[in-house]
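Here is the structure we will look at, set down as structure tokens.
Just so you know, all these numbers are worked out from the coordinates, no wet-lab data involved. Quick caveat: nothing in here was measured; it's all calculated off a predicted structure. For neighbour counting, all protein chains shown are included, and Cβ atoms are generated from backbone atoms with ideal geometry for every residue, glycine included.
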Amino acid sequence: MAHPILELSNDELLSTTRAVRKRLDLDRPVERDVLLECVELAVQAPSGSNMQRWHWVFVTEPDKKAALAELYNRVFRVTYTPDALGQLDAAGERIRESAQHLADHLHEVPAMLVPCQWGRPGPDGANQAGYWGSILPAVWSFLLAARSRGLGSVWTTMHLAHEREAADILGIPYERCAQAGLFPIAYTIGSDFKPGPRKDLDAIVHWDRW
Ligand SMILES: Cc1cc2nc3c(=O)[nH]c(=O)nc-3n(C[C@H](O)[C@H](O)[C@H](O)COP(=O)(O)O)c2cc1C
């Protein structure tokens, strides 16, 4: 049976799919079938030559989640120090506090997703665009599908400093397959999210020349 869908317009979905950290419900299990529904939608995303080299690795075993959270925290501890962050404004302080909460509770999330792509990225810029462009649209589609089913997540990449160790934990063939991130997944506490702060279009949109 299809999972219930939140009543959100397309534009509401696109503008309210936030980085959720403090409102992840750590106590409510996430069913396998709702994750599969999201993957089914995600794989409609484009990939170069429609190669679809993606693999969707979900992690629900407590010891594996704890091991990945430890890798994440190893990096978090050294990048989120007061020295590294410097003076923060109120918005920056809110993100810091939220990020700290996620780091403290990452091992408790009901599920994690580590999206992977077969073949490792090459060193040159053009190839990077083609490589990551063949998986990240699908990952974002997954997150949109998840949001419309009451699930939340936050994009994270910190554990990738220890990608090989994560590969060993999950049995991913590191030499032939790259991880695109680590996505905690949980139902959200409430489903009302607002558009986030973004730059004015005047500062970032160019017509015909820079
Ligand atoms: C490539 C990438 C890496 C990120 N890494 C982390 C991370 O390691 N930890 C974390 O808490 N948030 C991480 N974020 C989340 C961003 O902080 C968040 O998307 C941004 O602040 C916008 O949040 P909003 O959409 O709720 O406004 C990452 C986001 C992206 C796109």
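For segment 27-120, run through the trypsin sites (Lys or Arg not before Pro) and keep only the ones in DSSP coil with at most 16 other Cβ atoms within 10 Å of their Cβ.
On the way: sites: Arg32, Arg53, Lys64, Lys65, Arg74, Arg77, Arg94, Arg96; in loops: Arg53.
For trypsin sites (Lys or Arg not before Pro) across segment 27-120 that sit outside H, G, I, E and B with at most 16 neighbouring Cβ atoms in 10 Å, the list reads Arg53.
Quote the FRET efficiency, to the nearest 0.05, computed for Thr16 versus Trp207 with a Förster distance R0 of 25 Å and r equal to the Cβ-Cβ distance. Before the final figure, lay out the partial values.
Details: r = 28 Å, r/R0 = 1.13.
The value I calculate is 0.30.
Tell me the net charge near Ser98. Cut-off is 15 Å between Cβ atoms, Ser98 excluded, with +1 for each Lys or Arg and -1 for each Asp or Glu.
On the way: positive: Arg18, Arg21, Lys22, Arg23, Arg94, Arg96, Lys194; negative: Asp89, Glu93, Glu97, Asp104.
Net charge around Ser98: +3.
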(request) Please report how far the C-alpha centroid of segment 14-75 lies from that of segment 159-210, rounded to the nearest whole angstrom. (result) 10
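Only bridges with both residues in the chain count here: give the DSSP antiparallel percent, nearest 5. Please list the in-between numbers first.
Values: 15 of 16 bridges.
Roughly 95 percent of the beta bridges in the chain run antiparallel, per DSSP.
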(message) Given axes a ≥ b ≥ c from the Cα gyration tensor, I'd like to know whether segment 120-210 is rounded (a/c under 1.5), prolate (a/b larger than b/c) or oblate.
(response) oblate
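In what sequence do Arg120, Arg198, Arg18 fall when counting other Cβ within 10 Å, fewest first?
Values: Arg120 11, Arg198 8, Arg18 17.
Sorted ascending by nearby Cβ count, the order is Arg198, Arg120, Arg18.
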(message) Over 25 Å between Cα atoms: which of Lys22/Lys194; Lys64/Lys194; Lys22/Lys65 fall into that group?
(response) Lys64/Lys194
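For an R0 of 35 angstrom, estimate the FRET efficiency from the Cβ-Cβ distance between Asp200 and Thr157 and round to the nearest 0.05.
Working: r = 27 Å, r/R0 = 0.77.
The value I calculate is 0.85.
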(message) Is the C-alpha gyration tensor of the chain telling us rounded, prolate or oblate? Criteria: a/c under 1.5 is rounded; beyond that, a/b larger than b/c is prolate, otherwise oblate.
(response) rounded
(message) On the Cα set of segment 52-173, report Rg and Dmax in Å, please.
(response) 15.8, 43
(message) With equal scatterers on the alpha carbons only and no solvent term, can you work out the Debye log10 of I(q)/I(0) for segment 1-114 at 0.09 1/Å?
(response) -0.35
(request) Using the number of other C-beta atoms within 10 angstrom as an exposure proxy, rank Met51, Met158, Met112 with the fewest first. (result) Met51, Met158, Met112
